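Chemist: Have a look at this one before I ask anything.
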Amino acid sequence: MEFQGLIYNYKIIKDITQINVDKELLQRFDSDKLAKLKMIPITYNNKMFEVMFTNPASSIVIEDYIKEMVGKNVDIDYFLISESIYNKYINSDTTVGIIEYDLDSISSDDMDEESQIYDVTNEDTSTIVTLANTLFFKAARVKSSDIHIEPFDETMRIRL
């Protein structure tokens, strides 16, 4: 990776904990496209866009995508990261792959005690169906191989 950084004149990030990713900026981008390009937008200030990515050969595609999203008149500062750092960030508690729910908002009032199977139709908008649909849709979009559910006293954390 150091060699690629020298060749392409990109800064190299070896410790992701030192980087503060703008979550609002990250959410503006299509997670499928980010996963495909293995890129993570960092910040966008005063026409300077910072981005981390794993493959220097994809920088032209990344540049086009960034300019499509934020405008043509932007300077881009590239930071090269390894695949393992990228994967660590994607699977960390700091990504948008985390969905948090307040357990009090999920009610079983709509379920009768006799029903062991819940009939789900396309028109179903119950909380649990919405939760499950959101969870699986998000997992599929980011091509997640795992879904971790961490229950807490009043909330739960779901990591993809």
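Chemist: Mind telling me which of the residues 72, 88, 67 ends up being at pLDDT 75 or above, exposed (fewer than 10 other Cβ atoms within 10 Å of the Cβ) and out of contact with any strand residue (DSSP E or B) (no Cβ under 6 Å at 6 or more places or on another chain)?
Modeler: 72
Chemist: For residue 10, all conditions in the list (1) surrounded by 16 or more Cβ atoms within 10 Å (Cβ to Cβ); (2) under 19 Å from the mean Cα position of the chain (by Cα); (3) over 18 Å from residue 138 (Cβ atoms); (4) modelled with pLDDT under 80 hold save one; what is the number of the exception?
Modeler: It is condition (2) that residue 10 fails.
The values are calculated or read from the model by the stated rules, or taken from the named source; none is laboratory data. Fair warning: this is a prediction, and the values are worked out from it, not measured in the lab. Reconstructed Cβ throughout: ideal geometry from the backbone, glycine too, with neighbour counts over all protein chains shown.
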